[in-house]
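Participant: Below are the structure tokens for one structure; questions will follow.
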Amino acid sequence: MTDLPDHDAASLNALRARRLFQISSLVAVALSVVMVGYLLDGNWLIFSLLAPGVGVMLLCQWLSRRGHIDFAITLFLYALAVLVALLMWVSEGLQDVALLCFPALLIMAGLLVRARAFFLLLATMVVFLVVLTVATEVLHWRSNGYISPPFEQLRDVLTILGVSGLAV
């Protein structure tokens, strides 16, 4: 987590703004690449979930440049967590490759926020995964929908790994 002395607050904010710009740029590019794949496959539901994600990444960059770094980082992390949750909900649940984004988001949170915000994000993810499982297995509110073909899964996994590796 980012822990620098208080007298270095300006340096910390500049570092966090630079990291947010770099990571949100990577995510925007990755979402765009994956969107094209889903567009070509004719999967409009997943495409329509991913498209606003690119816009949110650009909004986070704009907010950061305007000096609203804390809000931009919070929006970035939670918007991506919600996007991943929605993808898992409408698709393969706990078996969806989107689940790999949660650890990647935690890595990004470790680079951008303090411990309290990090653990709040982690707790939110855990609660969602429990709700997803109960909704699927106990309450039958949802069932595992669209099953991705192997090459689509490979594309998504490689995209997630690439963004995670480059973010670190």
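Participant: Can you give me the angle between helix 150-167 and the longest principal axis of the chain, using Cα atoms only, in degrees from 0 to 90, rounded to the nearest 10?
Facilitator: 10
Participant: Determine the relative contact order of the chain: mean sequence separation of Cα pairs under 8 Å and six or more apart, normalised by residue count, in whole percent.
Facilitator: Normalised by residue count, the contact order of the chain is 29 percent.
Participant: Using a 1.4 angstrom probe on heavy atoms only, work out the carbon and sulfur share of the accessible area of segment 34-87 in %.
Facilitator: Carbon and sulfur together cover 74 percent of it.
Participant: Per the helix-only calculation at 222 nm, which mean residue ellipticity applies to the chain, given -39500 (n - 2.57) for every DSSP H run of n ≥ 4 and division by its residues, nearest 500 deg cm²/dmol?
Facilitator: One gets -27000 deg cm²/dmol as the mean residue ellipticity at 222 nm.
Participant: Right, next: Mind giving me the nanometre distance, one decimal, between the label points for I107 and V157, set 7 Å out from Cα along Cα→Cβ?
Facilitator: About 1.5 nm separates the two model spin labels.
Participant: Next up: Output the Kirkwood hydrodynamic radius of segment 101-168, Cα pairs only, in Å rounded to one decimal.
Facilitator: Result for segment 101-168, one decimal place: 14.0 Å.
Participant: At 7 Å along Cα-to-Cβ for each site, give me the label-to-label distance between D70 and E137 in nm.
Facilitator: Calculated label separation equals 3.9 nm.
Participant: Using the reciprocal of the averaged 1/r over all distinct C-alpha pairs, how large is the Kirkwood radius of segment 1-94 in Å?
Facilitator: By the Kirkwood definition, the hydrodynamic radius is 14.4 Å.
Participant: Sort out for me the Cα centre separation of segment 46-75 from segment 13-33, rounded to whole Å.
Facilitator: So the separation of the two Cα centres works out to 9 Å.
Participant: When the convex hull of the Cα atoms of the chain is projected onto a plane and the area is averaged over all directions, what value comes out in nm²?
Facilitator: 9.5
Participant: Averaged per residue, what accessible surface does the chain expose to a 1.4 Å probe, in Å²?
Facilitator: On a per-residue basis, the chain sits at 54 Å².
Participant: Could you give the nm distance between label points at A117 and S11, where each point is 7 Å from its Cα heading toward the beta carbon?
Facilitator: Spacing of the two 7 Å Cα→Cβ label points: 2.0 nm.
Participant: Using only Cα atoms, find the angle between the long axis of helix 9-41 and the longest principal axis of the chain, and express it within 0 to 90 degrees, rounded to the nearest 10.
Facilitator: The two axes meet at around 20 degrees.
Participant: Now, a different point. For a quick check of understanding: with a 1.4 angstrom probe and all protein chains in place, what accessible area in square angstrom does E137 have, to the nearest ten?
Facilitator: Approximately 120 Å² of E137 is accessible to the 1.4 Å probe.
Participant: Could you tell me the accessible area of F119 in Å² (1.4 Å probe, neighbours in place), rounded to the nearest ten?
Facilitator: Solvent-accessible area, nearest 10 Å²: 120 Å².
Participant: Which whole-number percent gives the relative contact order of segment 59-115, counting Cα pairs below 8 Å spaced six or more residues apart?
Facilitator: Relative CO of segment 59-115 lands at 29 percent.
Participant: Another question about this same structure. Taking the Cα atoms only, what angle lies between the long axis of helix 115-137 and the longest principal axis of the chain, rounded to 10 degrees?
Facilitator: That works out to roughly 10 degrees.
The values are calculated or read from the model by the stated rules, or taken from the named source; none is laboratory data. Because the structure is predicted, anything quoted here is derived from the model rather than measured. Methodologically, a virtual Cβ is constructed for each residue, glycine included, from the backbone with ideal geometry; neighbour enumeration extends over all protein chains shown. Remember, those area values only see protein heavy atoms, side chains included, never the ligands or the DNA or RNA. Shrake-Rupley method; radii C 1.70, N 1.55, O 1.52, S 1.80 Å.
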